[in-house]
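Just below is one structure, and these are the notes that go with it.
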Amino acid sequence: MRSQSAITGASAGADPDTANAPGVQSYETRLGVYDEMVAAEHKVLPYWERFIDALAAMGSAEIERRRRDTQRLLRENGVTYNVYGGDTHKLARPWRLDPVPLLIGSAEWLTIEAGLKQRAVLLDLILQDIYGEQTLLKKGLLPAELVLGHNGFFHACVGALPARTQQLTLYSANLARAANGRLWVLSDRTQAPSGAGYALENRTVMTRILADIFRETPVQRLAGFFKALDQGLTTLARHNKDNPRIVLLTPGPFNEAYFEHAYLSAYLGYTLVQGDDLTVRDGRVWLKSLTGLQPVDVILRRVDDSFCDPLALRSDSRLGVAGLLEAVRRGNVVIANPLGSSLLENPGLLAFLPKLARHFLNEDLRLPSVATWWCGQAREREFVLNNLDRLLIKPINRGPDDRIWCGAALGKAEQQRLRAAILAKPHGYVAQEPMSFSTVPAFIDHRMEARNAVLRSFVVADGDDYHAMPGGLTRVAWDKDDFNVSNQAGGISKDTWVLADESNAPVAMATPASRLSPVDAASEPLTSRAADHLFWVGRYWERIDGAARLLRTVLLKYRDTQEFNEASDTQCLAVLLRALTHVTVTYPGFTDDALLTAPETELFSLAREPKRLGSLTDNIQAFVQSAFTIRDLWSQDTWRSVDSIQHRWRQRVVNNGLTIDALQSGLDELITGLVAFAGLTGDSMTREAGWLMLDSGRRLERALMLMALLRATVASQHDPAVASQVFEAVLSSTDSFNIYLRRYRSFMQLPMLLELLLLDETHPRSVAYQLQQLSLHIDALPREGQGSRLSAEQRLIVKAHTDLRLSTVAELLSDEDGAGVYSALDDLLADTTERLWRVADVIARVYFSHSQAAQWMTANAPLEDEL
Amino acid sequence: MKYRITHSTVYNYSQPVGLCQNEARLQPRDFWRQRCESCHFEITPEPMDFREFVDYFGNRVVYFAVQQPHRQLAVTAISEVTLFPASNGDGYPPLSWEQIRDWLQDPAGSAPGLRPSQAHPQDQDVEQALLEARYHLLDSPMIAAGSELADYARPSFQPERPLLDVVRDLMQRIYADFTYDPAFTTIATPLSEVLRHRRGVCQDFAHLAIGCLRSFGLAARYVSGYVETQPPPGEERLIGADASHAWFAVYLPGDGWLEFDPTHNKVPFDRHITLAWGRDFSDVTPLKGIVYGGGQHGLSVSVDVLRLA
């Protein structure tokens, strides 16, 4: 049933009948459903009026333009929400943000805020009791089966809470409004609530997209919330109280909210770590960095508690740190939220909160929970079984499939099965009343449409008190009448504007009050994992650059052969095509002579095939994936350049029918994109360990690619006519043609080419230059005191570099092995290649040591394991 | 009765281990029929980090970490215990299993004769004991109650049969129906496999009995320890040929936990030495650890239970 709202409040000048009207006048709400903008009276609420009038005046086309801008900004900023399933290349789904925020009036906000804070205090008290004295269980205020039978209860964590007033640092609640206009809590999030970072990014984008309206609206700022979070985490530290090291523990880039982990760690200035970036020694937690082990004082955790310690909790976890709980027990590290706090997410608790609020606080709940019956009690169970067809049934434990049964939708047989399951383990189930959420205007298909909404709100403890974020993450369903607002189901997010009577003074984040002492920038360690990824970003970068330039040269030569049909062109093309296969390691490729005459299919495949190892698309994906994994280390501009490389390549080359012309301009754009990335990293990265790693990877790969090219082209003899064409192609594909001409002003000759591309230390495209730089970088890497002795990687690079420096062109070209190969040259290139591979191996072993695998041992391991 | 127990575990690795962290539940705990006189560890290489604590079930735990590279880890625990010859289950009111099941669900509406305060003078202890018992009604990582287990157990659960008779019968049936076969199971073998093939080791039989009892609403726990073995007549006792052992205990209001050994069809008396107890094996694993590196590994375990007096 629909009702046309007679919107008397909106006085926008736009004519409702014109195509450009955003549909404010004809906004349709549903009968019996509360709407956030028009309530139940079909009249725009006073605090929405100015905002919606401004939108109406803007017109639908303009709003649509801004909506697209929103999506572009989000994509460029790398805001994603990974969706599980499907292939990994399409893992990252862009975050969706509706240009219409949810508005909350200042008076109502006070009520919500008080309710959220009360719940945080209450849940904190419950947590402290269950991991402490367990009085609630002993006195029967909470049934033992409800708590001890929940998989968020970890007996190993009992007694492990540090003595302090607030245990729960972060709390989040999902709120929805019922038909009567009252707000209800649907569920509590207590172990590692996500969404606050997305809320912040949404706000950042909205202030740009709706800058005009935002300026005119007294919206409360979010920065204070994050400042309180930083302060709260800082006060948790037991050591280094003045300047504790706080890390954000993430499950890694495959987690659906990885963007947020990277975003928050960069915003708050915390090192982003995965489990194997940390180690426990002497009962303390340490960060494995390029400069050795650094103590960690506080962990902001985004890993589920059961996965945090394979020794004390789930032994099959690869995401945690063995011994972490022991470090917690000794008070050497504090984790927020504490291990075990997921027990508060048990939906069965909702049924007991009113009683516990009176027990602990002598108060009624200010924000009620959705009506919940726990089946572990006889009367409630009976009620649930008698009313199955009008209730939602949930297991108290969130399982892998997160099943929720809607009683009304079940057939007879399914109902029987559910009934039997409840009777077999009654304490494992709750029933809840289905709730219809309120609607809120969303800009969908060029007009305002009412969509069901859920607000995720956030509360943080700053060490003294709880503070609610004046705002939050609002999510709406994509489809009309749908109640599933989750990101996994394709929901859209909204910014949430909590209105103030007058604009609050913005809180600057640049100098958090809690950390006024100047932080030594050089002391922020680079994790060995981040070092590893930087190294690989450098390597993929050069792989793309080298392959793209060579491919471009090949295409030019291919055109020549089409146009002039000269034998020397065709022979030169064959050399280049084979070189392309060698350089990109995509055998058999053009080593199969049959492909040489009709190379287009293979060339296109090398450019665009996403699943082909060594193709440009494959290397671009790997480059972006590695860069994304260390998203927190890039500046906004740098990340945007990474995004645009991939985006443009997809548009030009991958997603369209491909022609030689299109590929050529795609390659031009790709190379320009890489140059932009080079400029940004060169300009914005400090010359510390991170840059050393990036540039080392880059130099190493450039040397390898260049040597592969030289071996495949000039290390063997060609007919003079072909040779000069090959030389020219090699020079132009290494961006050295102009330099060659300027310097030698002569015809193409091999000795001069080798002088320039192999031995000239002043030429940034030469092998010698790469080795010299690599040698400097390797010397600068941190290493344990070893006196004047050289390390393994130093010895290797010194040997490679010295051999090259001692070579002369005359010697390199002095003997020819009878098959047309300059053997001294070929040997030098082969030996140097081999040494560089070993350099990469040694660096990986010494500096990226997080890769050592953990094994689980019990004394009852099967006897077959005997050595 | 006095015993000295020497429990040695040696890991050999094909590659160096850079770091290992371990939890050992190898120290006998004290309770009414057992006192641990002494216990010490010999660990090589010597752990740089070593700390003792008590877990949620009251078991003694040692956390230790070996932080220097090593290719072998040897852990030996040497304990001396005194056992007080005492048995349980005699002279208690013959409460039916249904009475006890109902009492565990709702102690307030307890039947006459169920007055736990006789055994527990302080109310606080009653509450604590009841909470512990109720934890052991629930599924645990390695034991999920269900209809398969209930079907197997049902013949023992005759209506209004005294609980002790039920459990003795269940123990006797497991002893008779199941074949002791160390080649059949590993720690990862699920209970349903054990039930289907009627084979397993002491740990499986204890899990089985516990699962059966929990399927009928009774509280049961897993006990890890050792049993003194007698050499075959005329043969010398072999040092180190003993093994870890496991059995189970069931909760009886007022009396606490009564023990049963389904592997030997015996009620533990003065030859069962207790290390630790919990919901199942995963709570009381005698020695577990995480090693970084190590490659392939080999393991040897020896246990020696020596009667001193």
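With a 1.4 Å probe, what is the total accessible area buried between chains B and A, in Å² rounded to the nearest 100?
Values: alone 14510 and 36520 Å², together 46910 Å².
The buried area between B and A, both sides summed, comes to about 4100 Å².
Only Cα pairs under 8 Å and 6+ residues apart enter the sum, and on that basis the relative contact order of the stretch A:336-473 stands at 19 percent.
The label-point distance for A:K139 and A:S665, in a model that sets each label 7 Å from Cα toward Cβ, rounds to 7.6 nm. In this rough spin-label picture, where each label sits 7 Å from Cα along the Cβ direction, the A:D826-A:L423 distance is 8.3 nm. Considering only C-alpha atoms, what is the centroid distance from the stretch B:132-162 to the stretch A:596-663, in Å? The distance from the Cα centre of the stretch B:132-162 to that of the stretch A:596-663 comes to 60 Å. Take each residue of peptide A:270-283, count the partner chain Cβ atoms within 10 Å of its Cβ, and average: the result is 2. Can you tell me what percent of all Cα-Cα pairs in the protein assembly as shown are more than 58 Å apart? Roughly 28 percent, rounded to a whole number. Listed by number, the DSSP H helices of chain A that run 30 Å or longer by alpha-carbon position along their axis and have mean Kyte hydropathy of at least 0.5 are A:106-130, A:660-684. With a simple spin-label model that places each label point 7 Å from the Cα along the Cα-to-Cβ direction, the separation between A:S814 and B:Q172 comes to 9.9 nm. Taking every DSSP beta bridge that has both ends in chain A, the antiparallel portion is near 75%.
What is the calculated FRET efficiency for A:R238 to A:A107, with r their C-beta to C-beta distance and R₀ = 35 Å, to the nearest 0.05?
Details: r = 41 Å, r/R0 = 1.18.
The pair A:R238/A:A107 has a calculated efficiency of 0.25.
For the stretch A:108-261, pairs of C-alpha atoms spaced more than 23 angstrom apart make up 55 percent of the total.
Quick one: net charge of A:T581's neighbours, Cβ under 13 Å, K/R +1, D/E -1?
Numbers: positive: A:R578, A:R612, A:R711; negative: A:D592, A:D593, A:E602.
Neighbour charge sum, excluding A:T581 itself: 0.
Ligands, DNA and RNA aside, A:W649 has an accessible area near 10 Å² when probed at 1.4 Å.
Once the Cβ-Cβ distance of B:E37 and B:L238 is raised to the sixth power relative to R0 = 22 Å, the FRET efficiency obtained is 0.35.
Legend: mean number of C-beta atoms from other chains within 10 angstrom of residue C-beta atoms, peptide B:42-49, equals 1.
Helix B:163-177 and the longest principal axis of the C-alpha atoms of chain B enclose an angle of approximately 50°.
Each residue was assigned an accessible area with a 1.4 Å probe, and for A:M685 the value is about 30 Å². Annotation: for a label point projected 7 angstrom from Cα along Cα→Cβ of A:S791, no residues of the stretch B:291-305 have a backbone N closer than 15 Å. Given R0 = 45 Å, the distance between the Cβ atoms of B:M1 and A:R318 translates into a calculated FRET efficiency of 0.45. When the surface is traced with a 1.4 Å probe over the full set of protein chains, A:E816 keeps roughly 80 Å² accessible. Computed over the alpha carbons of the stretch B:233-309, Rg followed by Dmax gives 16.7, 51 Å. How much of the pair distance distribution for chain B lies past 26 Å, counting alpha-carbon pairs only, in percent? Here the long-distance tail beyond 26 Å is 49 percent of all Cα pairs in chain B. I'd like the orientation of helix B:202-215 relative to chain B: the angle between its Cα long axis and the longest Cα principal axis, in ° from 0 to 90, rounded to 10. Once rounded, one gets 30 degrees. Dividing the mean sequence gap of close Cα pairs (under 8 Å, 6+ apart) by how many residues chain A holds gives a relative contact order of 14 percent.
Peptide A:305-315 shows a mean partner chain C-beta count of 3 within 10 Å per residue C-beta.
Quick one: which residues, 5+ away or cross-chain, put their amide H under 5 Å from the amide H of A:W497? H built at 1.01 Å from N. For A:W497, the qualifying residues are A:L102, A:L103, A:I104. In terms of packing, defined here as the mean over residues of other Cβ atoms within 10 angstrom, the peptides B:299-308, A:230-239 line up highest first as A:230-239, B:299-308. Relative to a virtual label point 7 Å from the Cα of A:A721 in the Cα→beta-carbon direction, which members of the stretch A:553-595 show backbone nitrogen distances below 18 Å? Zone members listed by number: A:557-576. In the full protein context, the stretch A:299-445 carries 40 Å² of accessible surface per residue, based on a 1.4 Å probe and ignoring ligands, DNA and RNA. Using a probe of 1.4 angstrom, how much of the accessible area of the protein assembly as shown is carbon and sulfur, in percent? The value for the protein assembly as shown is 51 percent carbon and sulfur by accessible area.
The values are calculated or read from the model by the stated rules, or taken from the named source; none is laboratory data. Quick caveat, the model's predicted, so the values are computed rather than measured. Every residue, glycine as well, gets a Cβ built from its backbone with ideal geometry; the counts of neighbours run over all protein chains shown. Side chains included, ligands, DNA and RNA excluded: accessible areas come from the protein's heavy atoms. Shrake-Rupley method; radii C 1.70, N 1.55, O 1.52, S 1.80 Å.
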